[in-house]
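I have placed the structure first, in the form of structure tokens, so that the comments after it can refer back to it.
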Amino acid sequence: MIYLDHNATSPLRPEAAAAVTRAGETGGNPSSVHAAGRAARAMVEEAREAVAKLAGSRAQDVIFTSGGTEANALALYGAVYGSLEAEARITRIFVSATEHPAVLANAAAIAERVAGVRMAEIPVTADCIVDVEALRVMLREGKGRTLVCVMAANNETGVVQPLDQIAKHVRDAGALLLVDAVQAAGKIPLAFDADYLVMSGHKIGALEGVGALVVKEGAPLSPLIAGGGQERGKRGGTQNLAGIASFGAAASAAATLGDMPRQTAFRDHFDSEVMRRWPQTVVFGAKAPRLGNTSNFAIPGVAAETALMALDLDGICVSSGAACSSGKVRASHVLTAMGVPEDLAGSALRVSFGWNSRDTDADAMLASLDKLVSRVHDRVQPGHPPRAAA
Ligand SMILES: Cc1ncc(COP(=O)(O)O)c(C=O)c1O
């Protein structure tokens, strides 16, 4: 199998698997005072240090959650409800149009359910970059404390946002900033001036079902889940020891970003070959700064659904840029926000390299695409010579 879908989930790293085994042997509840509990607690705190290091934060600001979705929900609901107590109510949530549904859907639900809170979308350019000037104007107009949500890097295109500029406007306006760094973690440095920073374990080679919210000191946060006082009272429930231990180990392994030049070389080779073989290919966000592991591209006339099936038959795992719900294939909201026409968006495929990618993977995918494109062109124009050059 050739796995090129690390932005969906990155397989368990050996370091993380070893941590899971150690956690299993511990046998204690991190809240228990006996020796087994203390050993479990030590594992959680060791992982907290490692995750904090990856986030560039203090360990005491890290709250473990069940994943990136919960961490985003905790930040959004927690900030809004927490700001009621702080008496500087958040009344506006500005969300970039290309955020993950974990942010978009929770922000929309809050605007629907919490009286006096409204949500607005920040537009993006054709390159998937947040329109910073539009945000500046939005912040200046109207009244009310604002929570601004901009992801560090987009999961579909890999485009990296200009968070330094964005954070400056947010500070000038006295607003709060939530940065979803789920895709950026372990791929670029996370030196952001964020009030809330979100990470997810399984995107960096830990188990699924664990994530973290990093909250800057002084930022409002009301817990979503009350319980036994775990995570300094910000997230009740016995901690997911195996998940957290794996997250710590994966964070330590990913923190150096040491593998990124290798992954970037694979991606760059892939992009240039796709363009050389099928010059009509569009690589989305190619002109913007992008994560080194990600390419989202469309070969016009080659439907993503067909391509996914053909690649899968050849043992190659990638994603399409389209979302399928209730039997209907819809263009991705990210590509739509970038102004990509629906038919082109219907051809979008995402390739994402990762820690276990091999230097033959890109060429295997290209060979599989070669076969597919020739078949598609033959069907459109029977007898047409294959357009792909090997
Ligand atoms: C940018 C982004 N945010 C949040 C999430 C959700 O994270 P999790 O799968 O840990 O809930 C994802 C997962 O795809 C993501 O890509």
Using only the alpha carbon atoms of the range 71-186, find the Kirkwood hydrodynamic radius as the inverse mean reciprocal pair distance, in angstroms to one decimal. 14.1
So which DSSP H runs in the chain come out at 27 Å plus along the axis (Cα) with average Kyte-Doolittle of at least -1.0? 35-55, 361-380
Alpha-carbon Rg with Dmax, taken over the range 151-231, Å: 14.0, 40
Nearest-0.05 FRET efficiency for Asp131 and Ala8 at R0 = 30 Å, using Cβ-Cβ distance, is 0.60
The range 188-300: radius of gyration and largest Cα-Cα distance (Dmax), Å: 19.2, 59
If exposed GluC sites (Glu not before Pro) are those in a DSSP loop with at most 12 other Cβ within 10 Å, what is the longest stretch of the chain that has none? 218-390
Given a 1.4 angstrom probe, I'd like the percentage of the accessible area of the chain that is carbon and sulfur, rounded to a whole number. 55
Probe radius 1.4 Å, ligands and nucleic acids left out: which of Leu76, Leu257 has the largest accessible area, and how do the rest follow? Leu257, Leu76
Quick P(r) readout (the chain; Cα-Cα; 20 Å bins; whole %) gives 28, 54, 18, 1
How high is the relative contact order of the chain? Use alpha-carbon pairs under 8 Å, at least six apart in sequence, and give a whole percent. 22
To the nearest 10 Å², what's His202's accessible area with a 1.4 Å probe? 40
Highest GNM mean-square fluctuation, the chain, Cα pairs closer than 10 Å: which of Val33, Val351, Val302? Val33
Accessible-area order for Ser200, Ser374, Ser252, largest to smallest, probe 1.4 angstrom, reads Ser252, Ser374, Ser200
Please work out how much length the chain gains when fully extended from His269 to Arg140, using 0.36 nm per residue of separation minus the C-alpha to C-alpha distance, in nm with one decimal. 42.1 nm
In terms of Cα to Cα distance under 29 Å, which lysines are near enough to Lys216, apart from those fewer than 8 places away along the same chain? Lys53, Lys143, Lys168, Lys187, Lys203, Lys234
Could you tell me the relative contact order of the range 1-159? Use alpha-carbon pairs under 8 Å, at least six residues apart, and round to a whole percent. 17
Quick one: P(r) of the range 1-86 from all Cα-Cα pairs, 10 Å bins, percents rounded to integers, in order of increasing distance. 14, 31, 36, 17, 3, 0
Part-to-part distance (alpha-carbon centres) for the range 21-53 and the range 130-209, which is given in Å: 31
Accessible area expressed per residue, the chain, with surrounding protein chains retained (probe 1.4 Å, Å²): 41
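The values are calculated or read from the model by the stated rules, or taken from the named source; none is laboratory data. All figures in this text were calculated on a predicted structure; none of them were measured in a lab. Here the Cβ is made from the backbone with ideal geometry for all residues, glycine too, and neighbour counts use every protein chain on show. These accessible areas exclude ligands, DNA and RNA; they are computed on the full protein's heavy atoms, side chains included. Shrake-Rupley method; radii C 1.70, N 1.55, O 1.52, S 1.80 Å.
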